[in-house]
Amino acid sequence: MKNSERDCHQVLVKNFQLALPVEKSYLGSEREIPILKIRDWFRFFLSNSCIHILHGLRKPHASRERDILVAFWRQYQQLHPQHRIFDEVSRGNLCLSRALPLVIHGDEGRGRRHCAHFVCSFHSLLGMGIGKQKKSSKIWAKMECNFSGHSYATRFMIASLRKKDYTDQQSERWEALMEELALDAGSMWQTGVSDPNGKKYWGIVLGLIGDWPFLHKSGNFTRSFNNIQKRVTIRNPPAGICHLCRSGQVDCSFEQIGTRRPDWLRTVFAQDPFSQPSPFVENLLHVPGEEPRIWCFDWFHTMHLGVFRNFLGSALALLSEQEWFGSVDDRFSSLNSKYKNWCKNNPRKAFYGKLSKEAIGWDTTKTFPSG
């Protein structure tokens, strides 16, 4: 009872070998914060012949792995022709057929007693797709998104910290972790990792993704959602809400949704958002002059928990008004019955147990559904 973790390791790790032999490092001189570096993960992948996972394949296939990466970087060059990776290739420092595109993901979740718990990981941009697809396996140089599959085989842990590990008296640990991440990511394109046969592979971290608090904190931005103007009367000029452009400032509104050419569009990369030099800018390959692009908005937080959630709430509110019943609750009850019947007849799984006005955050008809 006094040391349950030791006995769990004895049974799960030593007896049943349910742990991967990835070398463990520590943050700084203290041995309190263990980290798993990207470099050590790559050594594990290459020594155990499972680098194909980062290509989005289910089993090793050398020629197909090579063609997938060549096709990916060819299309990436069309989007970002000035990216520094292509300068390194022209100098002979990199081989695109063995350069894996990666991103670092950070997010705070809830730990014990609802306390914040930070988790940092990395994953490949290439994976098994979004869901079940019949034709994807027939494409030779397929480039599917990395959303399908078990997290243990698609997301790879770098560090996990409790709130007290990087706040208050331990706040310097956060900066130390960001510095370590940047150096590790920089070494992956500068020196790479060799497999047992001497063939070298590179990991190209193209950006950091996560929710907005993580992007704000990891980039040391002067502009973020924290700076949104909440008062009608402006006392001090607002700093802006986006690290990519000047939206939210006095002369640049961020709510121009009635045009395809809002004012903020002409201000992209026009103003430096950093409060201090970032180690990621110094160590990661990027497009010169577009350093803020390293910090990317996460699809899950932006769409699933953002735009799509609100859109779906509005759609359900409109559908409920088409029902021939008096109260809002009765109309949603009828709509819920149709939803269940449709899932049963198609057949599709009903992921939501009950549709109601509370489910879409629609407390009164005078307010806007919030998802």
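Looking for something closer than 28 Å to VAL205 by Cα and surrounded by fewer than 17 Cβ atoms within 10 Å (Cβ to Cβ) - is there at least one such residue anywhere in segment 257-264?
Looking for residues that are closer than 28 Å to VAL205 by Cα and surrounded by fewer than 17 Cβ atoms within 10 Å (Cβ to Cβ), one finds none in segment 257-264, hence no.
Out of SER327, SER320, SER334, which single residue is exposed (fewer than 13 other Cβ atoms within 10 Å of the Cβ) and either among the small types (Gly, Ala, Ser) or at positive phi (or both)?
From the options SER327, SER320, SER334, the qualifying one is SER327.
Condition first: farther than 21 Å from LYS142 by Cβ, touching a Leu at 6+ places or on another chain (Cβ under 9 Å) and without any contact (Cβ under 8 Å) to a residue 60 or more places away in the chain. Can you find one or more residues in segment 31-39 that meet it?
No; the residues of segment 31-39 include none that is farther than 21 Å from LYS142 by Cβ, touching a Leu at 6+ places or on another chain (Cβ under 9 Å) and without any contact (Cβ under 8 Å) to a residue 60 or more places away in the chain.
Select from segment 98-111 the residues that are open to solvent by 20 Å² or more (accessible area, probe 1.4 Å) and modelled with pLDDT of 95 or more and list them in ascending order.
Of everything in segment 98-111, those that are open to solvent by 20 Å² or more (accessible area, probe 1.4 Å) and modelled with pLDDT of 95 or more turn out to be ARG98, HIS105.
Which condition breaks for CYS120 when tested against (1) crowded, with 18+ Cβ neighbours inside 10 Å; (2) at pLDDT 90 or above; (3) outside any strand (DSSP E or B)?
The one condition CYS120 does not meet is (3).
Mind counting the residues in segment 153-182 that are open to solvent by 30 Å² or more (accessible area, probe 1.4 Å), modelled with pLDDT of 95 or more and hydrophobic (A, V, I, L, M, F, W, C)?
The number of residues fulfilling the criteria is 1.
If a residue must be under 22 Å from GLY109 (Cα atoms) and either more than 27 Å from the chain's Cα centre (by Cα) or not in a loop (DSSP other than H, G, I, E, B) (or both), how many such residues does segment 199-230 contain?
Total satisfying the criteria: 15.
Look through segment 40-70, keep the residues that are out of contact with any Leu (no Cβ under 7 Å at 6 or more places or on another chain), among the basic types (Lys, Arg) and over 18 Å from LEU102 (Cβ atoms), and return whichever of them is least open to solvent (accessible area, probe 1.4 Å).
This residue is LYS59.
From LYS217, LYS199, which residue is basic (Lys, Arg), within 30 Å of LEU69 (Cβ to Cβ) and out of contact with any strand residue (DSSP E or B) (no Cβ under 6 Å at 6 or more places or on another chain)?
LYS199
Return the only residue of LYS340, LYS349 being open to solvent by 60 Å² or more (accessible area, probe 1.4 Å), more than 19 Å from PRO213 (Cα to Cα) and at pLDDT 90 or above.
So the residue among LYS340, LYS349 that is open to solvent by 60 Å² or more (accessible area, probe 1.4 Å), more than 19 Å from PRO213 (Cα to Cα) and at pLDDT 90 or above is LYS340.
Can you pull out the residues in segment 276-316 that are of a type in the set (D, E, K, R) and open to solvent by less than 90 Å² (accessible area, probe 1.4 Å)?
Of everything in segment 276-316, those that are of a type in the set (D, E, K, R) and open to solvent by less than 90 Å² (accessible area, probe 1.4 Å) turn out to be GLU290, GLU291, ASP298.
For THR233, all conditions in the list (1) of a type in the set (Val, Ile, Thr); (2) open to solvent by less than 70 Å² (accessible area, probe 1.4 Å); (3) in a loop (DSSP other than H, G, I, E, B) hold save one; what is the number of the exception?
Failed condition: (2).
Scan segment 1-29 for residues that are farther than 26 Å from PHE147 by Cα, of a type outside the set (D, E, K, R) and not in a helix (DSSP H, G or I) and report the count.
9
On the given criteria, is LEU20 closer than 18 Å to LEU100 by Cα, open to solvent by 70 Å² or more (accessible area, probe 1.4 Å) and aliphatic (A, V, I, L, M)?
Spelling it out, it is not the case that LEU20 is closer than 18 Å to LEU100 by Cα, open to solvent by 70 Å² or more (accessible area, probe 1.4 Å) and aliphatic (A, V, I, L, M).
The values are calculated or read from the model by the stated rules, or taken from the named source; none is laboratory data. On a predicted model such as this, the values are computed, not experimentally measured, just so you know. Counting neighbours? That spans all protein chains shown, and the Cβs are built from the backbone with ideal geometry, glycine included. Note: areas computed on protein heavy atoms with side chains; ligands, DNA, RNA excluded. Shrake-Rupley method; radii C 1.70, N 1.55, O 1.52, S 1.80 Å.
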